[in-house]
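What follows is a short report on a single structure.
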Amino acid sequence: MIPVEEHLSKILAATRTLETMTVAVDAAAGRTLREDVRAAVDLPPFDNSAMDGFAVRFADIASASAENPIALEVVADLPAGTQADPAVHLGQAARIMTGAPLPTDADTVVPFEETAGGLEHSIGQVEVTAAHVAGASVRKRGEEHAARDRILRAGVLLGARQLAAAEAAGVAELTVTRRPRVAVISTGDELRAAGTALLRGQIPESNGVLLATLSVSEGAEVVLRTVVGDGGDGLRRALDEASERGADLVITSGGVSAGAYEVVKNVAPMTFVKVAMQPGKPQGFGAGHPLLFGLPGNPVSAAVSFEVFVRPALLAMQGRTELTRRTVRLPAAEGWRTPPERAQYLPVVIGDDGVRPASSGASHLAASLGRADAYAVIPAEVEKIVPGDVVDVMLVT
Ligand SMILES: Nc1nc2c(c(=O)[nH]1)N[C@H]1C(S)=C(S)[C@@H](COP(=O)(O)OP(=O)(O)OC[C@H]3O[C@@H](n4cnc5c(N)ncnc54)[C@H](O)[C@@H]3O)O[C@H]1N2
Ligand code: MOO
């Protein structure tokens, strides 16, 4: 058996980064950024009010208090979006709304709560009843970023927050990686579509949707999804079709262990190894174009193998900087057994008191995947987990 890291480094060494393309910001969700994003404008673009209230000269109101209110003449009314820059002389104020540009003559905003009377009755005159510091409630031009400052680094995943940051900085287009094209091929004579009547020996096929959905959630486009039998030339034809459809990466499941009908082992141009992990021991990999991944057929084995081997390759193809899932250390709320000499990837549920196994850990327990929030990752040399042990937990939700 070879260590997980050894198999993964072979895979990454064979993985090439895909070409880039330019897309509108709102078409970039789920893609990987390939060029740093720099602000097109200062952020904020101009000095503006943080509150609904009055733009004043601080020198006028420095001594204002409830006992000693200071009256100012209100000479303008400034909603957000106004281009006006009215003169505000000593003794004067401008009514101003949140986000409106601060008049050049003013340096401070007094929220209307710190005046006598509400906003409605303030055109004409206002009495200021409190003072803080010069510059209070003013958002300064460029206080977050200057134009040309870097907002996002190449290599990050673009999600809602990153896209909003780009648009807030005045950026309309992003350089991203084209979506990797993935083919998902399930193998096995026993597999039937969910919902169809099952004869003895048949089971519902579930790795197809698992691996296709995982691929899409990592930024890929699924160009082929099919099920082939253990005999005949179904797998060979599916591999040809994957290439014709331009697949960058092919994922098969099943047919890689030691049995008499191991179609992937017999047909696919992959190297087959045993990796010191449970589940996921038998693995096939082909380092050409497309990259070929021969995952074991047991559903939990396929899911874990995707996380540990396919996902890093898909991210590397897209130029992602961080290839590993976020791992946190959490206590085990229950004990469990671990396999000898193999790293364990156990589906777990995260609770307030720590993690609990979602199943006994056997790789055929497909429904346990539906409960799992994460995988506990236990090194090969650890013999068992007792309650209270702190373990590495790979977050996948
Ligand atoms: N003598 C040995 N037998 C096995 C070994 C071994 O070392 N020596 N390894 C075991 C391990 S570990 C695993 S994991 C499995 C891997 O088997 P295969 O990859 O060859 O997969 P299959 O035999 O085709 O299927 C295994 C299991 O999973 C079910 N399956 C397959 N595809 C799907 C699918 N698309 N959807 C749902 N379920 C699927 C299949 O019916 C089998 O029950 O080998 C052990 N054996
Ligand atoms: O490696 Mo298998 O995936 O242990 O069940």
Please name all residue pairs, on different chains or six or more residues apart, with Cβ atoms under 6 Å, provided the first residue is in region 247-267 and is assigned by TED's automatic domain parsing to the domain that holds F309 and the second residue is basic (K, R) and at pLDDT 95 or above. A247/R181; D248/R181; V267/R236
I'm trying to understand the selection: among the residues of region 9-66, which are open to solvent by 30 Å² or more (accessible area, probe 1.4 Å) and of a type in the set (F, W, Y)? F46, F58
Subset of region 338-365 (residues that are of a type in the set (A, V, I, L, M), open to solvent by 40 Å² or more (accessible area, probe 1.4 Å) and either in contact with a strand residue (DSSP E or B) (Cβ under 7 Å, 6 or more places away or on another chain) or not in a loop (DSSP other than H, G, I, E, B) (or both)): V349, I350
Could you tell me which residue of region 366-385 is nearest to ligand 2 (Cβ to nearest atom), considering only residues that are under 13 Å from Q278 (Cβ atoms) and in a loop (DSSP other than H, G, I, E, B)? A380
Could you tell me whether any residue of region 119-139 is within 30 Å of L33 (Cβ to Cβ) and touching a residue at least 40 places away in the same chain (Cβ under 8 Å)? yes
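The values are calculated or read from the model by the stated rules, or taken from the named source; none is laboratory data. Predicted model, so just to flag it, every value in this text is computed and none were measured. In this analysis, Cβ positions are derived from the backbone assuming ideal geometry, glycine residues included, and neighbour counts consider all displayed protein chains. Areas reflect the complete protein model, heavy atoms only, side chains present, ligands, DNA and RNA absent. Shrake-Rupley method; radii C 1.70, N 1.55, O 1.52, S 1.80 Å.
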